[in-house]
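First the structure, in the form of structure tokens, and then the observations on it.
The values are calculated or read from the model by the stated rules, or taken from the named source; none is laboratory data. The model shown is predicted, which means the values in this text are computed figures rather than measured ones. Reconstructed Cβ throughout: ideal geometry from the backbone, glycine too, with neighbour counts over all protein chains shown.
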Amino acid sequence: MGKQLHLKFKNHRKALVTSVDKKIPNGFMEEQGEQTVVLLPRSPSPSKRYFPIPLDSLEEEYRIRSADDCKLFREEFNSLPCYYHHGSFEEASREHNREKNRYPNILPYDHSRVVLSHLDGHLCSDYINASYIDGFKEKSRFIAAQGPKLETVADFWRMIWEQKTATIVMLTNLKERKEQGSDGPRAPRLVTQLHFTSWPDFGVPFSPIGMLKFLKKVKAVNPSYAGPIVVHCSAGVGRTGTFIVIDSMIDMMHMEQRVDVFGFMQYSFIYQALLEYYLYGDTELDVCSLEGHLQRLHNTRAPHDRLGLEEEFRKLTNVRIMKENMRTGNLPANMKKNRVLQIIPYDFNRVILSVKRGQEFTDYINASFIDGYRQKDYFIATQGPLSHTVEDFWRMVWEWRCHSIVMLTELKEREQEKCFQYWPSEGSVTFGDYSVELTGDTLCETFTLKDMVLTYRPEKQSQHVRHFHFHGWPEIGIPAEGRGMIDIIAAVQRQQQQSGNRPIIVHCSAGAGRTGTFIALSNILERVKAEGLLDVFQTVKSLRMQRPHMVQTVEQYDFCYRVVQDFVDIFSDYANFK
């Protein structure tokens, strides 16, 4: 997410030196030709003033505005005044500057544009498509810029140098080009580029959690003595403006205990991000403070007070189960394929199988793609196969080229079947078009490791699959200690490195409680190793937005904290978490 760049200047050309192994792109956007940004249509609406919202009313105001397909959000947006006639674009419209603009209808006002130093012999060399933007009670806190073009990238770095900028926020993706560089006599200056990669080309991020963490990082790395923070997307308006408003409104939230989105601009995602920040705050922890945080979570101020842990877990009930997005799993033809009727995958991230010729509804399996720490759709969370869904299970393994299966339940628990045995005890077994051969069976301390060969019989093609079966996790309760969970997560990660990062299939019985806890711990421990930070609450909250009831009980939630503490205790002698 963050890259530190050393900037040197000689004849206004740039050189980048990075301490990471991966090459840094030159920083200019992929060329798209002459295009116009399609601005959102504005329906005529009576001019209306929307007043700042007190924080204790923010949740209710968001609910009201979101009702009826966000009708009131649209009304508020349409009430925003148009400022096109409040400023001139003479400098941006000059013939010599037109090619410097990525989009002909996104231009900086003359009164707020960033003015570069003039280069001798170069007409209009003081122009760049960038504008000063005020923060909350801070003049020119930001520079909103378009994504650099090939012919303006030198001007972009000249602006960074002249404005004494220390932080660049990038909200779009680019095309890498061959890196150029030159040495210069001036001392290098450290510039940090933070690149938010999860903002889709159209729309907004699925959840504001990632953006809020990203914003916290931006605030942390930007030194107090630095010049304006440069923020850019492609055109330098939509995503750029949204980021700036969220930053400003969080500052206003702290200083005045209210927010005034309308006073800046309107976008329902901004309200969503602000509500997220207000309701849950900053739940991120440094591993060094984990032990103290756990003590606070398990202490009560008075005999009848709720434990802090229970209160934190209770907040997860704010994650609404979106039943309207479970249409496929609730179709009559698919209902019998669900082990537990309360655990149905959402349509937007369900695993889709190929449709069997002449057989309707054969693309459904009760399984959801789940994001990992570093990679989208890194996991597949699914239920334990039923006797009549085993072929679908292996079809999913085959079609999505999965090489790792993690099983967290026994076949029977408390005299009830929790999972159909979908592998052979010895030799091979056939399920429809697929045959599964057991080639290895190893008993480890807390889990069994099975090697299998999956063959698609119509094409006589095969692939290797490794099956990790964790023992000692009852349906009601948690494992006795965390070391076994740390070991199996490490073993799965080693397998992924050897076999390629195809999705890891994780299942218990229903595919929610134990499955969610395993995935949460995998993501949390990856972040601890990479950043020395953890956020159990937001990790679990994110999982619940992708599949209902992930991490079902407060005991499982507490177990996430305990395993991280065990991990820190075990590896603290040599692990550097910073």
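Worth pointing out:
- Selected residue [acidic (Asp, Glu) and modelled with pLDDT under 50] from 60, 90, 31: 31
- Qualifying residue in segment 507-516 (condition: more than 20 Å from residue 423 (Cα to Cα), in contact with a Phe, Trp or Tyr (Cβ under 8 Å, 6 or more places away or on another chain) and outside any loop (DSSP other than H, G, I, E, B)): yes
- Pairs are defined by a Cβ separation below 8 Å, a sequence spacing of at least 6 or placement on different chains, a first member in segment 117-139 that is farther than 17 Å from residue 162 by Cα, and a second member that is exposed (fewer than 12 other Cβ atoms within 10 Å of the Cβ) and of a type in the set (A, V, I, L, M); the pairs so defined are 136/255; 137/255.
- Annotation note: of 524, 519, the sole residue that is surrounded by 21 or more Cβ atoms within 10 Å (Cβ to Cβ) and closer than 30 Å to residue 439 by Cα is 519.
- Residue match in segment 112-125 (condition: at pLDDT 90 or above and either within 16 Å of residue 191 (Cα to Cα) or among the acidic types (Asp, Glu) (or both)): no
- Candidates 510, 480, 520 - the one that is aliphatic (A, V, I, L, M), farther than 14 Å from residue 407 by Cβ and modelled with pLDDT of 95 or more: 520
- Every residue from segment 447-479 that is surrounded by fewer than 18 Cβ atoms within 10 Å (Cβ to Cβ) and either in contact with a Gly (Cβ under 6 Å, 6 or more places away or on another chain) or assigned to a loop (DSSP other than H, G, I, E, B) (or both): 451, 457, 458, 459, 460, 471, 472, 474, 475, 476, 477
- The combined condition, being part of a loop (DSSP other than H, G, I, E, B) and either under 24 Å from the mean Cα position of the chain (by Cα) or at pLDDT 80 or above (or both), is fulfilled by residue 266.
- Residue in segment 250-259 that is in a helix (DSSP H, G or I), modelled with pLDDT of 85 or more and under 22 Å from the mean Cα position of the chain (by Cα) present: yes
- Failed item in (1) among the small types (Gly, Ala, Ser); (2) under 30 Å from residue 278 (Cβ atoms); (3) over 33 Å from the mean Cα position of the chain (by Cα), with residue 66 passing the rest: (3)
Condition check ((1) farther than 16 Å from residue 141 by Cα; (2) small (Gly, Ala, Ser); (3) buried (at least 20 other Cβ atoms within 10 Å of the Cβ)) across all residues:
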| residue | (1), (2), (3) |
| --- | --- |
| 216 | no, no, no |
| 219 | no, no, no |
| 224 | no, yes, no |
| 228 | no, no, yes |
| 231 | no, no, yes |
| 251 | no, no, no |
| 256 | yes, no, no |
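- Checked against (1) surrounded by fewer than 21 Cβ atoms within 10 Å (Cβ to Cβ); (2) in contact (Cβ under 8 Å) with a residue 12 or more places away in the chain, residue 366 passes all but a single condition, namely (1).
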